[in-house]
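Down below is the structure, laid out as structure tokens.
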Amino acid sequence: MGHHHHIEIKQEKFEFTSRSKMLSIILLAVGLILSGIGIVQIKGASETHATEATVAHVEGASHETVGTAEHTGEHAKPWTTRVWANMLVNSYYFLLFAVGALFFVALNYVANAGWAVLVKRVAEGISAYIPIGLGLLMIVLIFGGKEIYHWVHYEHEGLKEGMEGYDKILDGKSAFLNTKFLFLGVPLFILIWYTFRIILRRLSLREDVEGGLNFFRKSTRFSAAFLVIFGFSFSMMIWLMIMSVDAHWYSTIYTVNNFAVMFVTSTTVIAFFTIYLKSKGYMELVSADILHDLGKFMFAFCIFWAYTWLAQFLLIWYANIHEEVVYFQIRLHGYFRPLFFTNLFMNFFIPFLLLMMRNAKRNPKSLLVAGSIILVGHWLDVFLMIMPGVVGTSTGLGLLELGMPIAFAGLFIYVVKYSLSKANLYAINHPYIMESATYDVGP
């Protein structure tokens with residue numbers, strides 16, 4: 001039910017102050033410094049291991065010791081592989097926030113949803129990170145792809161059937177898993193998404209000036225087209241970039257699980273920026289009822305993520321087919337075992353319990369606590385998707401893993417705040433703006 005008293009929608013514009021800019025830059029700088037120290041540590045440790053291995057070989061180390069080193073992959077890959085893998089984890093993860101925010105805008109247009117209109121510009125601001133995220137991602141793919149993806153290295157060898165090292169599975173997937181598709185398909189998909197973002201943003205800004213329903217109708221049609229294209233292209237991007245780090249393994253639910261990660265994290269980031277703006281005196285019309293709906297999305301997609309995660313895990317565990325269980329074997333043993341179960345608690349059990357009550361979804365502090373756990377938890381989720389397949393057991397959580405997400409966060413926050421400062425915080429001529437301003441979920 002809506003409130004019946006008159007509400008005036010005033011133009012508001014976020015001021016990106018020098019202090020706010022400096023805080024983002026400091027965050028970026030701290031992250032880069034920590035990452036740099038972490039890289040030096042990893043390089044030093046790698047050189048030490050290489051020296052020890054050489055000495056052991058010269059002194060006639062046991063076959064068991066050498067075999068163990070080969071099995072764990074400690075000496076099989078250069079130290080730079082871990083750096084590129086971390087770059088892939090963070091560039092992909094932060095890009096999900098921006099793409100998910102664009103999806104959020106399009107979804108609300110197609111659903112004719114009025115409640116989210118007041119936070120639409122927040123989601124638009126977050127989606128401004130897409131081209132930055134694409135640029136960073138392409139750096140990783142172009143310069144680190146050969147170290148990250150086993151199939152890229154295999155493709156360059158050009159092996160034929162009957163030759164030593166020939167891989168029937170990789171050869172069978174070569175029509176899809178190839179560098180042309182990786183280097184052309186991935187940027188093409190993301191550029192198409194960003195083109196829709198440009199169109200929707202321009203229509204939204206013109207609506208502020210000219211009014212009328214024409215821009216809303218056009219936005220709805222473009223949003224519907226985007227959602228259809230996104231459904232197919234997002235799946236292909238996930239298969240190419242993320243699932244192929246374990247090139248011999250596949251899962252039919254993998255895309256759905258990654259979609260759940262995208263939607264719950266992007267909704268959380270929208271809620272965070274909305275709460276931040278309200279704390280600075282902006283967006284007072286955004287009521288607890290709107291925060292409540294954002295909290296419901298966070299709560300619901302924590303459950304949905306757990307459903308997809310459990311469906312994928314239990315079916316593979318129960319069937320116990322060798323080519324399927326290999327994916328979980330490395331994640332359920334050694335270094336990754338505690339992280340595997342921590343991932344489940346941070347992304348389901350803890351936020352589920354924190355957001356279960358109605359008042360928790362309406363309380364900014366509760367949303368910030370639960371949302372922080374969700375964001376850190378799903379970073380760990382993406383870490384577990386990528387690192388075991390790329391680096392194997394020769395990894396850890398060090399200064400590099402701490403510093404790099406901090407650096408990405410600083411850059412991401414700067415880009416989003418800059419975008420928010422370039423337009424009104426309210427889409428004042430949106431036909432559903434009053435419905436959003438008077439939104440009431442009831443008692």
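Can you pull the Rg over Rh of the range 100-212, Cα-only, Kirkwood?
With Rg and the Kirkwood Rh in hand, the quotient comes to 1.20.
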inquiry  = To make sure I understand the rule: partners must be lysines, Cα under 29 Å from the Cα of K417, and not fewer than 8 residues away in the same chain. Which ones qualify?
reply    = K10, K13, K21, K120, K218, K278, K280, K296, K361, K365
Linear extension gain, L397 paired with H248, 0.36 nm per residue minus alpha-carbon span = 51.0 nm
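Roughly speaking, to the nearest percent, how much of the range 90-195's 1.4 Å accessible area is carbon and sulfur?
Roughly 65 percent of what the probe reaches on the range 90-195 is carbon or sulfur.
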request  = Divide, for the range 205-344, the radius of gyration over alpha carbons by 2.2 N^0.38 Å, where N is the residue count.
outcome  = 1.40
request  = Take the solvent-accessible surface of the protein heavy atoms, probe 1.4 Å, and return the percent of it on the range 324-419 that carbon and sulfur atoms account for.
outcome  = 75 percent
request  = Using just the helices of the chain, give the 222 nm mean residue ellipticity in deg cm²/dmol: DSSP H runs with n ≥ 4 each add -39,500 (n - 2.57), and the total is spread over all residues, rounded to 500.
outcome  = -24500 deg cm²/dmol
query = Considering every Cα-Cα pair within the range 280-376, what fraction, in whole percent, is farther apart than 16 Å?
reply = 63 percent
request  = Return the FRET efficiency for the residue pair E164, F143: r is the Cβ-Cβ distance, R0 is 25 Å, and the value is rounded to the nearest 0.05.
outcome  = 0.30
ask   = Which FRET efficiency, nearest 0.05, do I25 and L353 yield, Cβ-Cβ r, R0 35 Å?
value = 0.45
request  = Return the distance in nm (one decimal) between the two label points of a simple spin-label model at K280 and L191, each offset 7 Å from Cα along Cα→Cβ.
outcome  = 3.3 nm
message = If I require 15 Å or longer along the helix axis, counting alpha carbons, and a Kyte-Doolittle average no lower than 0.5, what helices from the chain are left? Use full DSSP H segments.
response = 18-58, 79-110, 130-148, 186-210, 214-241, 254-279, 288-319, 364-391, 399-420
message = Taking Cα Rg over 2.2 N^0.38 Å straight from the coordinates, which label in (i) 1.18; (ii) 1.06; (iii) 0.96 is the correct one?
response = (ii)
task = Pull up all non-local amide H partners of K13: gap of 5 or more, or a different chain, and H-to-H distance under 5 Å with H placed in the peptide plane.
result = L425
key: Label zone at T17 (point 7 Å along Cα-to-Cβ), backbone N below 19 Å, the range 250-281   = 273-281
ask   = Pick from I386, I374, I330: which residue has the top mean-square fluctuation in a GNM of the chain where Cα pairs under 10 Å get a spring?
value = I330
query = Of the listed peptides 104-115, 168-179, what is their order by residue-averaged count of other C-beta atoms within 10 Å, with the highest listed first?
reply = 104-115, 168-179
task = Calculate, for F345 and N320, the FRET efficiency according to 1/(1 + (r/R0)^6) with r their C-beta to C-beta distance and R0 35 Å; round to the nearest 0.05.
result = 0.90
Euclidean distance between Cα centres, the range 288-346 to the range 19-34, Å = 32 Å
ask   = Over the alpha carbons of the range 145-284, what is the largest minus smallest coordinate on each principal axis, giving the biggest first in Å?
value = 68, 33, 24
ask   = Which value, in Å to one decimal place, does the Kirkwood hydrodynamic radius take for the range 180-256 when every pair of different Cα atoms is included?
value = 14.3 Å
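The values are calculated or read from the model by the stated rules, or taken from the named source; none is laboratory data. What you see is a predicted model; the values in this text were computed from it and never measured. Using ideal geometry, Cβ is built from the backbone for each residue, glycine included, and neighbour counts are taken over all protein chains shown. For the accessible areas, the whole protein counts, side chains as well, though only heavy atoms, and no ligand, DNA or RNA atoms are used. Shrake-Rupley method; radii C 1.70, N 1.55, O 1.52, S 1.80 Å.
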